[in-house]
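In what follows, a single structure is set out as structure tokens and then discussed.
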Amino acid sequence: MYDKFAHPLRCRTDFMGTLLDVTLRDGGADAGFRWPADVYSTVPAALSSLGVDMVDLGYLGGTLPGHSTTVPDVGSFLTPDDVAAARHPGLRLAATVHPRTLEQVLDFAPYVQAGLATLRLEYHPAWLSSIVVLAARAREAGLTTTVSVTLASRYTISELCRHSESIQAQASPDVLFVADTCGALLPYQVEELVNRLTDTLDAELGFHARNPLSLAYANALAAVDAGATHIDCALLGLGPGAGNLATELVLLRHRLPGHPAPATLPGFLASRNRLGTVTGRPPGTLVPAACAALNLTPVEEQALRQFADDEHIDVELAALWLVTVHAQLASLRPDDLHAAWQAGHPER
């Protein structure tokens with residue numbers, strides 16, 4: 001007889017390249033670029049502990065007209081102290097520059113000393129000469145560089161290839177990102193685009209997925225399958241309009257299974273709640289996505305919810321915990337769930 005609580009077949013859990021979280025940059029539009037100071041420590045700490053490779057902290061020198069601020073707030077005018085607050089072992093820190101927003105020459109040295117590792121530059125054909133200068137100065141300061149071609153859906157593939165070749169030839173970025181700013185691309189279009197770019201360029205490729213058509217995750221998967229090595233994402237899917245690829249989805253499917261860090265899960269959930277309060281975008285439940293990542297049936301999901309209720313723990317925490325310890329459990333039966341939880345939490 002079929003055993004509803006036996007271990008299911010494992011779903012695909014490949015690593016999905018380098019994860020670059022842009023919560024504090026793109027989510028700044030939701031917070032008016034006025035993040036509370038504690039967010040710059042707690043969010044990077046939570047992300048680093050669960051497998052995110054890099055965090056984009058925000059802007060150097062301000063944002064573009066249309067979503068800029070006139071007061072030098074954390075997020076749109078990062079300082080070296082802001083960068084230092086975000087340092088955590090194993091986590092690379094990045095910041096973004098829109099070339100036309102810089103009114104004075106920035107000294108990158110204090111940012112590098114504070115822990116900044118990467119400078120990200122936004123591309124427009126009219127900005128290429130400024131990008132070349134900034135990229136060269138960044139490399140001299142010891143920073144790696146990325147250049148992001150925004151509005152990808154507004155170009156033909158041939159046009160994107162030509163622009164990308166010019167960027168590579170003149171600015172030599174370590175990673176060239178393609179950003180689906182309008183969120184209009186479909187997975188087959190992303191695959192075709194990235195395939196063409198990998199055939200054309202020597203640089204590594206990154207992809208920034210937006211979510212107005214609920215295709216951000218599918219498009220990111222298509223990009224990775226076609227050769228992209230870096231993926232942008234954001235907690236709660238924060239970002240302008242319909243938002244970006246949700247970091248939580250990528251973590252659940254591509255980082256957390258078997259990840260030995262359940263002690264950090266409450267801090268991660270607290271960071272999500274804090275971001276929801278600041279931005280006015282309440283975090284949605286992760287339980288269905290966690291169950292899908294584990295290939296669980298609705299019956300097994302209900303058993304998980306009952307387990308959380310019996311143990312008097314938050315069901316979000318229970319779901320994330322199950323993703324991390326799933327492979328170690330004898331089965332998904334309630335007795336085995338309770339035994340595993342109590343073994344790891346003897347104080348309860």
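Residue by residue through the stretch 244-267, note down the ones that are in contact with a helix residue (DSSP H, G or I) (Cβ under 7 Å, 6 or more places away or on another chain) and surrounded by fewer than 21 Cβ atoms within 10 Å (Cβ to Cβ).
Leu249, Pro257, Gly258, His259, Ala261, Pro262, Thr264, Pro266, Gly267
For Arg281, only one of the following conditions fails: (1) assigned to a helix (DSSP H, G or I); (2) touching a residue at least 60 places away in the same chain (Cβ under 8 Å); (3) among the charged types (D, E, K, R). What is its number?
Result: Arg281 fails condition (1) only.
Would you mind finding the one in Ala290, Ala270 that is part of a helix (DSSP H, G or I), surrounded by fewer than 17 Cβ atoms within 10 Å (Cβ to Cβ) and either at positive phi or in contact (Cβ under 8 Å) with a residue 24 or more places away in the chain (or both)?
Values: Ala290 fails: surrounded by fewer than 17 Cβ atoms within 10 Å (Cβ to Cβ).
None of the other options fit; the residue is Ala270.
Residues are listed down the side, and each one gets a yes or a no for (1) among the β-branched types (Val, Ile, Thr); (2) farther than 22 Å from Ser130 by Cα; (3) touching a residue at least 60 places away in the same chain (Cβ under 8 Å):
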position	(1), (2), (3)
Leu151	no, no, no
Ala171	no, no, no
Leu176	no, no, no
Ala179	no, no, no
Ala222	no, yes, no
Ala226	no, yes, no
Thr229	yes, yes, yes
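Each row is one residue, and each column tells you yes or no for (1) surrounded by fewer than 16 Cβ atoms within 10 Å (Cβ to Cβ); (2) closer than 14 Å to Phe207 by Cβ; (3) within 20 Å of the chain's Cα centre (by Cα).
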| position | (1), (2), (3) |
| --- | --- |
| Thr145 | no, no, yes |
| Thr156 | yes, no, no |
| Arg162 | yes, no, no |
| Glu165 | yes, no, no |
| Gln170 | yes, no, no |
| Val178 | no, yes, yes |
| Gly183 | no, yes, yes |
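Every residue in the stretch 32-60 that is buried (at least 20 other Cβ atoms within 10 Å of the Cβ) and part of a loop (DSSP other than H, G, I, E, B), please.
Scanning the stretch 32-60 gives Phe33, Trp35, Leu50, Val52, Leu60.
Are any residues in the stretch 142-160 closer than 29 Å to Phe108 by Cα and hydroxyl-bearing (Ser, Thr, Tyr), and if so, which ones?
Thr144, Thr145, Thr146, Ser148, Thr150, listed by residue number.
Only the coordinates and a few stated rules stand behind these numbers; no lab work does. Please read these numbers as outputs of a predicted model, since none were measured by experiment. Glycine gets a Cβ as well: all are built from the backbone with ideal geometry, and neighbour counts include every protein chain shown.
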